[in-house]
Amino acid sequence: MERSTSGAGESLGNEQGDDGSGALRYGRRALILGAGAAGAGLAATLAAGADPAGAANNPVELGQSNTTSASTQITTSAGNGLNGVTSSPESYSCGVYGEAQSGIGVLGTPATRSGLLGADGNPVIAGVVGDSGTGVGVLGLSDRLSGVVGITSMNESNGVLGNDISEDGGKGVVGMSANGTGVSGTSNSEGSGIGVEATDNSAEGGSGVYAVSVNGNGIQGMITGKTTGQSAVEGADQSSGGGAGVYGESSNGMGVVALLGNPSNPSSALQSQTYGTGHAGSFAIINDSSASAALAASTTGSGPAISASTTGTGPALAVDGVATFSRSGVATVAGTTTDPAQTVTVTGIALTTSSMVQVTPQGFVPGVGIAGVVPDVSGSSFEIHLTKAIKVSLKIAWFVVG
């Protein structure tokens, strides 16, 4: 198919006409790429020296500077429209060189395939190189498909590689989106594929993944398949000094929040499992403030906020330090010499028929002990009875289980 390229005054900003003139519409591309003044030729214009009158019809002389005031057009029905080959040993010699004062140096417009193709036979040299002193090295724009696509068939190679060698430290790859996803990684490998992989090889230790969100989540992990036993977010520490698989820190909120969304699910919101000896199963909680180091709450479900179990010889729960419980306290049987007392009632404690109330005297009265406890489930209370009435005050510690 023969294609002719008109001057820039016709080609930028116009749609292709019914007459097949080949004029193309570039719209915002012309603005972004800086396409210049009308009349600047987008086809190859070989320029040097002065502009002689009538030079538009002169033949192109090889090895000489050729000057014209109009576009030079080459049309062929077979083969390449224009071949540029150089055998110069200079590293920056070009087979084809295009230069524009304010427009586009080289423009390729495809009919069915690539607008511009760079192919290199050397396995270590790039097919296309974009080099810019102060601007963008390579810019890809598309209204329908991907702006830039990188494909490799070499094992353990990269489809797209971004490398920052600046002294102050920049970014190898930056992805930005106005309404979608900044960077997206997808793997179709069976079993061990990775959608996005990040590795930090710095000597002092940086971050493999660093995510910042102004109003949302810094990192969000989600599993949508039917695979069981997987984690939406997994952290594993393999350092010799012993670090943290997952580390959470908050200035004003909670360092780590675990939420179980399905009330009927028998799993736990937060699970810790020990495979070795001498270390905690999955996390250590350090508190530098007066707030709680760890908070577990069950609000809508019927399951426990924390469930601890063990099948080994160690304890399911070990507490080193003071422990406090909201369903415990001290009641006083207030007897006097004129008004002896034998019972005390504790109110405001939710009970069930399986609740167990344990009571212990916090003093000694000869011949007096605990006769029994009478729960009142509907009244959310229980009554403590002594073996006989006393004429003094006696404190009774109580603890409700279940």
Please go through region 369-402 and give me each residue that is among the charged types (D, E, K, R) and over 12 Å from residue 359 (Cβ atoms), ordered by number. 376, 388, 391
Go through 168, 200 for me and flag whichever is farther than 25 Å from residue 233 by Cβ, at pLDDT below 85 and not assigned by TED's automatic domain parsing to the domain that holds residue 114. 168
Output for region 171-192, where each listed residue is farther than 21 Å from residue 148 by Cα and either acidic (Asp, Glu) or surrounded by 10 or more Cβ atoms within 10 Å (Cβ to Cβ) (or both): 190
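Quick grid of which residues meet (1) in contact (Cβ under 8 Å) with a residue 24 or more places away in the chain; (2) of a type in the set (A, V, I, L, M); (3) closer than 30 Å to residue 126 by Cα:
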position	(1), (2), (3)
154	no, yes, yes
172	no, no, yes
180	no, no, no
189	no, no, yes
192	no, no, no
195	no, no, yes
205	no, no, no
219	no, yes, no
231	no, no, no
Criterion (at pLDDT 80 or above and either part of a loop (DSSP other than H, G, I, E, B) or farther than 30 Å from residue 343 by Cα (or both)) met by exactly one of 320, 288: 320
Residue 141 vs. criteria in contact (Cβ under 8 Å) with a residue 60 or more places away in the chain, closer than 27 Å to residue 80 by Cα, touching a Lys or Arg at 6+ places or on another chain (Cβ under 6 Å) and in the same structural domain as residue 77 (by TED's automatic domain parsing): yes
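The values are calculated or read from the model by the stated rules, or taken from the named source; none is laboratory data. From a predicted model like this one, the values you see are computed outputs, not experimental measurements. Please note: Cβ atoms are built from the backbone with ideal geometry, for glycine as well, and neighbour counts cover all protein chains shown.
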